[in-house]
Amino acid sequence: MDWFQVIPAAYVALRRGDEVLLLLRANTGYMDGYWAMPAGHVEQGESVLAAARREVCEEIGVEIDPADLVPVTAMHRTDATGEPIDERVDFFFTTSRWTGEPRLMEPGKAAGLGWYSLDKLPDPVVPHEARVLAGLRAGTIPAVIAEGFE
C-alpha cells in the first residue's frame, strides 16, 4: 500500500504592532521576486514548532521561545499537478516576542527585508501567504484552509 504524503512547512509572521516582517525571495527557484514570511520545510524527526524556530533563526537571526508562537491557521494546498511535491500542509504562526534584531542572514536566498503595515503590503506577496496576511489584517481567519482543490 502506498501512503499519501504531503510536504509540511512552518511560517512565522513576526508582528510589530500592525506591521509584519517580510523577506524578498531571490535565487531560490520558487517565487523569486515575491515577498514572504520567514518559513521553511519541517525536517524529518522535527516538530513544526522546532522548524518554525529554526527557520526564523536561520533566515533573520532571531530566537523565539516556542511558548510565544501563536497558531494562526493550517493550510492544505495543492497546485493540482498530480505531482507529490505539489501536495503541501503549511502551519502559520504569529509572534510579537523574540530575542535579537531581525537581519538578513541568507543574502543568497533573499534580496531584502522590511517591516510592512498589513494595510500596505509590498507587491507581490506569495499568493498563499497573502491570503493568510489578509486574514490577519481582517482579524478573522479559518482554523484550516484548503487551497487549490475543487
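Summary table
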item: Pairs with Cβ under 8 Å, 6+ apart, first in the stretch 1-27 and of a type in the set (Ser, Thr, Tyr), second part of a loop (DSSP other than H, G, I, E, B); result: Tyr11/Met37; Tyr11/Pro38
item: Selection within the stretch 80-89 - touching a residue at least 60 places away in the same chain (Cβ under 8 Å) and either in contact with a helix residue (DSSP H, G or I) (Cβ under 7 Å, 6 or more places away or on another chain) or on the phi > 0 side of the Ramachandran plot (or both); result: Ala80
item: Lone unmet requirement of (1) over 18 Å from Val6 (Cβ atoms); (2) of a type in the set (S, T, N, Q); (3) assigned to a strand (DSSP E or B) for Thr73; result: (1)
item: When residues of the stretch 79-92 are limited to those that are in a loop (DSSP other than H, G, I, E, B) and of a type outside the set (A, V, I, L, M, F, W, C), the one surrounded by the most Cβ atoms within 10 Å (Cβ to Cβ); result: Asp79
item: Hits in the stretch 64-78 (condition: closer than 21 Å to Met31 by Cα, of a type in the set (A, V, I, L, M) and buried (at least 18 other Cβ atoms within 10 Å of the Cβ)); result: Met75
item: Pick from the stretch 112-150, criterion among the hydroxyl-bearing types (Ser, Thr, Tyr) and in contact (Cβ under 8 Å) with a residue 12 or more places away in the chain, ranking: surrounded by the fewest Cβ atoms within 10 Å (Cβ to Cβ); result: Ser117
item: Residues being farther than 23 Å from Leu24 by Cβ, touching a residue at least 24 places away in the same chain (Cβ under 8 Å) and exposed (fewer than 15 other Cβ atoms within 10 Å of the Cβ) - total across the stretch 48-62; result: 0
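Results for (1) part of a strand (DSSP E or B); (2) more than 25 Å from Asp2 (Cα to Cα), shown as yes or no for each residue.
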position	(1), (2)
Ala13	yes, yes
Leu23	yes, yes
Glu46	no, no
Glu58	no, yes
Arg77	yes, no
Thr94	yes, yes
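All of the numbers you see were taken from the coordinates with simple rules; none came from a lab. This structure is a prediction, so every number in the text was calculated from the model and none was measured. Note that each Cβ is placed from the backbone with ideal geometry, even for glycine, and that neighbours are counted across all protein chains shown.
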